[in-house]
Structures are given as structure tokens and as C-alpha cells.
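Worksheet: the structure to be examined is printed underneath.
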Amino acid sequence: MSNQPANNRGATGKEPVAVVGIGQTHHVAARHDVSIAGLVREAAQRALSDAELTWADIDAVVIGKAPDFFEGLMMPELYLADALGAVGKPMMRVHTAGSVGGSTTLVASNLVASRVHRTVLTLAFEKQSESNAMWGLSLPVPFQQPLLAGAGGFFAPHVRAYMRRAGAPDTVGSLVAYKDRRNALKNPYAHLHEKDITLEKVQASPMLWDPVRYSETCPSSDGACAMVLTDRAGAARSPRPPAWMHGGAMRSEPTLFAGKDFVSPQAGKDCAADVYRQAGITDPRREIDAVEMYVPFSWYEPMWLENLGFAAEGEGWKLTESGATELDGDLPVNPSGGVLSTNPIGASGMIRFAEAALQVRGAAGEHQVDGARKALGHAYGGGSQFFSMWLVGAEPPTG
Amino acid sequence: MRDIAIVAFAQSDHLRRTDECSEVEMVMPVLHSVLAQTGLKTSDIGFTCSGSSDYLAGRAFSFTMTLDGVGAWPPISESHVEMDGAWALYEAWVKLLTGEADTALVYSYGKSSPGSVRDVLTRQLDPYYVAPLWPDSVALAALQAQALIDAGETDEPALAGVATRSRGDAADNPHAQLPGARPQGDYLVRPLRTGDCPPIGDGAVAVVLAAGDRARDLCERPAWIRGMDHRIEAHSLGVRDLTDSPSARLAAERAGAFERPVDTAELHAPFTSQEVVLRKALRLGDDVRVNPSGGALAANPVMAAGLIRLGEAAARIQRGESDRALAHATSGPCLQQNLVAVLEGEAQ
């Protein structure tokens, strides 16, 4: 193994972190052809192939997923150690609700940045077909507000609050869904490939949790995403252009309290501000070329555009409506099709981070944003209380 | 590498049942205690990390409730591992090594009382081939104990001696669930008797980490983390030598444990037989004080017991009773995953 003894490091400052391998599975409603171990191994092997590395090159594994109840398997990293080539290596399991895919990436990146390890495999997955996510999220807890029949029931009132506050017309959500589902047609790994999608079909779909319609809702997917993160020396050996991490942060706030703004949580604003500070971004709207944003219900695109500083308060929906967030707009949001098209919950955040990295590597295929040099990956979870984000660039960070 | 130390530690009283309080109510006193010890407020903490298990709590996203107890407002830099809190401490240690934070609050908790923890832990096993058979944690530990006896590494009287020593030492630990002399009892799963097995209980733990001079400001004699590492082994018991723990040995080597002798070891060995395995893998001689707290045989709150080992070792250094201590945490059936930290106090 190439990692150094823990007490033999002299260098100061953080080690730059590079993404040299990205892999994901094809996402579908039910991967009956593979076990959980088979699913994660598929994504990991694709990431290793992309980096032209082998299992032996990996110093540590950091794995994330959303609640164990989604598969009915407690602490699955124990069972998955063999499948991920982790035997004899350090292996950690991160769980920060829906933001976990992003948080997992950041925990892995810290292992490289701190020079504890040189090359780390990070992976996130969900095999939702093994269980039932609606059930997993709706366990009754005494004296606590239930999640109201899955995540949609929890988030719909906050969407409604946004519409009222921003004066947004009720057509904006369907624009987002129509855009993301069309983008997904260009992404071979996306779960939903609705070849005959039209705006009218989105608008005619059944109302699930008013104002969220069926076609404005994420699917339940089986899938996994993996990345190989490495240091400067590892990046120099990379056969393909790496994506460089310019900033990363996590922020959390309580679930419920009197001062909570569910429409634009302070934790999201603070997290974005920290990432922009690290990356030297002063005008995100101009300086960021592509955004992979965690949008499980269509209306969260305009809401997060405001929360992340791409639009002033109350103006996010206008940005969406203007077409700026289309694949050929000047601020493409979710060129991959996003969570609305693919949602293996525990992996969804990592897919956002990985798709941002693909963009700045120029490796996003048909859904590539021309000339993308800086991209933001974003994830959130819990009751809009956990946030994780990173900003990646085509060039190494300066300073 | 930055110098990082454990500067405060608190644990709950570990009890067979805590029906009268929620996880949040169980965690709050230990959070308040470590903050009071250091004089820090929540808003002074650079990074917060916790460990817990949804399966013990019986609900998804259970850790969101305890986060409310931390008082995460204004928003905090925070993360969570679905593991024993020892790994939360590892994540926090790495975060501090990057220089992004100078202090960290780490906590973990587990309530085993609402369900049958022996049944719950079977859900950790290979879901397709093993978990459907429901082999429980005591039965798996018994396999390991029998393998040790068959290999001539120990015998039943020696195992009873481990239990007697641990619980005798726990008499001085006001938080222990099973302090003082106990009968070894009847067989639970041969060759393990009740006395060879940990109590089932509820508990919580918190520690504060700090870097460099910050640690010296906050604590008279910080417990410096000289090295820390963790390793995992294959899951299937059929491909492992249950009489050995190569992952514990490798973690200890990477943590620098073998560079100089330690005077104290806090081992997370819930079963008497596992102490036998760990003593060998970690090369602990008879002169090393093992589990002066009583260890997991005296109190084993699942998801907290590993972090408690780090806290107990640190507290011993802070009290001047140890100069160099090894702390260990484990996870998975039959010591599948192991973490080792080496803690030192500066010369007095």
C-alpha cells in the first residue's frame, strides 16, 4: 500500500485533490440482475477503469448511502468490504440523509487533502428495489411529526410557500421537469428516458402532492456512483484530464425550529458562501459554467438558484423561465437530467458531484456543456437541513 | 502533521433501560459536560461529527433528532458516520489535520433497550446467504471463542478471569453498568457463559478534540493523538482466521503503536474471548494495564462503546495515570473491523 505511516508527514498546507476516475451504473427501477455487492462493484470498476488504476492502487474506501432501512441491511459496509476491495484497508461509512453522496465525497477528499492517504475510492449507492423507500421514510415515531407519506409530502408545503413568496406562476415547475427529462435523453446512465416527453404531458400528469405533479417528481432508482480521488502526484499520472477540487463544504441546521426558513435555509446559503470563498468565486452567476443541483421535485431548481446565490431572492423562477438553465443556456442546470431523472437516493448527491467533475473534464458526452471550466455539485438532505457542495475546475487550484 | 489532542470526555451512566428518556435527552448531558469542561460554546466548535445507527433507533434519519440537541444554529459544519463514534472521531481528526478547523465535538449514542440487540445485529450480515439464518452476535462470538479454545490459545477458566478482572476494575467506574464481582453464570452459547458476554444497555459519549496550542489552552494535560488508523477484514467468517486479528495488528502498526511500549490499553472487546485475540494482535504484554475502566464487559452501549475507549484512555492521560495509551474500537461480527489510536501525554 502506498500510504505513508500516520506520523511521518512533514508537508504543511492542504494537498490539492483531483478526480481521476468516475464510474456509475446504468440506473433503473430494479436491478434484478445484480446483488447489492454486484451493483457497487460495477460502479467502482468503472471508476478504476477510467483512472486506469487497479484495486491495489486504492489506499482507503469511503462509502455512503441513505438510511439502512432502504435495503433492510444494517451497516452494509461490513458486508461490502470484499466487493469493494477494501479487505486490509480502511473503510468508512458516511450517512447524512439525502446529502450523503456529497458528504461522502468530501470525507474522502479530506483523507487526500490531509495527506493521510494518497488515493481514495469513494462510492455511494442505493438499491431501492430491495425494499420500499416510502415505508423506510414513514416509520411512526411517537411525539414527532411524521414525514407525511414520503418526502413529497414534507416538501410540497415549502414549494407552495416559495410560490407565494416569490410570486411565481404555477407553470415554472413543469418547465424544469421538461428540461431535465429532455437532458436525461442525452445521458446513457440516466434512469428515465422518456423519448416522447412534451411540456403538455408534464402538465397533464396527475397531481401527487399539490403543487408537485407526478412528472415533477424523482423516480426510485437502483444505482451506484464511484470516484477515485488522488493527490497531485496521482493526478500527474492520470491518463485523462483530472477535475480539480477548488472548494468543498458541509453545513447543517436543526430540522424544525421557529426561525427556520424552509424555502431558503441558512445552512444552504452558508455552505455555498464557504465553497465560493475557498474557490475564489465572487460572482457565481458569471464564473460558474455548469451546475449539478439536487432537485428531487422540480420547483427546487428556482428555489436553490436563489439559495446558492445565482439569483436574487424571488428571482430564481425568472432565471428558469428565461431558459438560462437549459443545456444551451448560459447557466446550464442539471445537464445530466438530474435527480428528477435518476434517484438512487444515497448516490444522488455523489452523482451531482461526479457529473460536475465530468463537465470540467470535458467528458460528459452528449450532455457536455461547451467549454465548461468550473462546475458546482450540490446536495441536500433531511428536512432541508444538511447541505454539501463542491466546486471543481479544469485547472488546478492556485495558491 | 498537526498535533491534535482529546481535551474533554464525558459519558452517561450506562443502564439496562432508559425508557424515561429519548436519545436526545440521553446525549444532552454529555454534550453539556464536555463543553463545560472546555468552556467552549457550540458556536466555538469548528467541526461536529457523530456516530449512531438507524437500526438501533428503529427509524430512518434518527441522527437528525440528536443534531437538534447540539443546537446547530447558526448552521454548523457537521457530519455523521453510521458507525461507532470512534470512526466519527477519526473523521474529525482528519478534518482537523486539513487545517479547516481547530476544534471538534464528537459524540455517539445507542439505545439497545427498545428491541432485541442480538436480533438487530444479525441484520449486519450478508443479506442473501447469512442474514436469513439469523445467527446472532453471541452465537458468532461463541464460534470465535471455541476456535480459540481449540487452538489452545485460552480456556474457560482464563476467560472467566478476564471477566472477573474487568468487572472488578469497573467497581471504580461510576458509569459502568456491571461493576464489581459477578458470577460467571450459565452457558449462554457454549463455550460462552453469561459472564463472558457484555451487558445490553443504553448510553452516550462525547469528546472534544483540539489542535496545537488550542488544546493546551483548553486542557492542562491534553491526550495527544500520535497516530490513528483503522482496517477492515473480509465479512465472511469462513475466510477468516477467527483466532487472529490481522486488521487490528495493521491498524496498530499504522498508528505507530509498536514504535514504543504503551502502559495502558482500552480495548473494545465485548466478549472475554476477544480480549485474548486483541492482546495477541496488539502485542500487549502482562505489564500493560488493560481496560482499567472495566471495558465493554462492564458497559457496552452499541455505537458508543468504541468512542468511550478513546475517551477513557484520554482521561487516564489527563489524570496523569498514563503517559502512552492505546485505544481500540471494533465493529462487525468477530472483530471484522478495528480502529487503533495511540495517545500520549507530555512529560509532567
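Hey, among the residues in the stretch A:108-136 that are more than 23 Å from B:Ala234 (Cβ to Cβ) and of a type in the set (D, E, K, R), which one's nearest to the other protein chains (Cβ to nearest Cβ)? Here the answer is A:Arg115. Scanning the stretch B:99-131 for residues that are crowded, with 20+ Cβ neighbours inside 10 Å and among the hydrophobic types (A, V, I, L, M, F, W, C), we see that the one that is farthest from the other protein chains (Cβ to nearest Cβ) is B:Val106. Based on what the data block shows, is A:Gly248 within 14 Å of chain B (Cβ to nearest Cβ) and buried (at least 22 other Cβ atoms within 10 Å of the Cβ)? Yes, satisfied.
Among the residues of this structure, A:Ala375 counts as one that is touching a residue at least 60 places away in the same chain (Cβ under 8 Å), more than 14 Å from every other protein chain (Cβ to nearest Cβ), over 21 Å from A:Tyr178 (Cα atoms) and not in a loop (DSSP other than H, G, I, E, B).
Is it true that some residue in the stretch A:55-78 is at pLDDT 95 or above, surrounded by fewer than 22 Cβ atoms within 10 Å (Cβ to Cβ) and touching a Gly at 6+ places or on another chain (Cβ under 6 Å)? Within the stretch A:55-78, one or more residues are at pLDDT 95 or above, surrounded by fewer than 22 Cβ atoms within 10 Å (Cβ to Cβ) and touching a Gly at 6+ places or on another chain (Cβ under 6 Å).
Just a yes or no: is a residue in the stretch A:37-50 at pLDDT below 95, within 9 Å of chain B (Cβ to nearest Cβ) and either closer than 23 Å to A:Lys127 by Cα or touching a strand residue (DSSP E or B) at 6+ places or on another chain (Cβ under 7 Å) (or both)? Checked the stretch A:37-50: no residue is at pLDDT below 95, within 9 Å of chain B (Cβ to nearest Cβ) and either closer than 23 Å to A:Lys127 by Cα or touching a strand residue (DSSP E or B) at 6+ places or on another chain (Cβ under 7 Å) (or both). Just one of the listed residues (B:Pro261, B:Pro301) is in a loop (DSSP other than H, G, I, E, B), over 22 Å from A:Val116 (Cβ atoms), at pLDDT 95 or above and open to solvent by less than 10 Å² (accessible area, probe 1.4 Å), namely B:Pro301.
Sub-6 Å Cβ pairs linking a first residue in the stretch A:83-107 that is facing chain B (nearest Cβ under 7 Å) to a second residue that is surrounded by fewer than 24 Cβ atoms within 10 Å (Cβ to Cβ), at least 6 apart or interchain, are A:Val87/B:Ala234; A:Ala97/A:Gly382, ordered by first then second residue. Look through B:Leu56, B:Leu96 and report the one residue that is closer than 26 Å to B:Gln318 by Cβ, part of a helix (DSSP H, G or I) and within 12 Å of another protein chain (Cβ to nearest Cβ). Result: B:Leu96 is the single residue among B:Leu56, B:Leu96 that is closer than 26 Å to B:Gln318 by Cβ, part of a helix (DSSP H, G or I) and within 12 Å of another protein chain (Cβ to nearest Cβ).
Against the numbered list (1) surrounded by 15 or more Cβ atoms within 10 Å (Cβ to Cβ); (2) more than 13 Å from every other protein chain (Cβ to nearest Cβ), B:Ala181 comes up short only at (1). In the set B:Gln144, B:Gln124, only one residue is under 20 Å from B:Leu237 (Cα atoms), part of a loop (DSSP other than H, G, I, E, B) and under 23 Å from the mean Cα position of the chain (by Cα); that residue is B:Gln124. Hey, any hits in the stretch A:332-350 for a residue that's surrounded by fewer than 21 Cβ atoms within 10 Å (Cβ to Cβ) and either in contact (Cβ under 8 Å) with a residue 12 or more places away in the chain or basic (Lys, Arg) (or both)? No - not one qualifying residue is present in the stretch A:332-350.
The values are calculated or read from the model by the stated rules, or taken from the named source; none is laboratory data. Predicted, not measured: the structure shown is a model, and the values here were computed from it. Every residue, glycine as well, gets a Cβ built from its backbone with ideal geometry; the counts of neighbours run over all protein chains shown. Side chains are part of the model used for accessible areas, which takes the heavy atoms of the whole protein and leaves out ligands, DNA and RNA. Shrake-Rupley method; radii C 1.70, N 1.55, O 1.52, S 1.80 Å.
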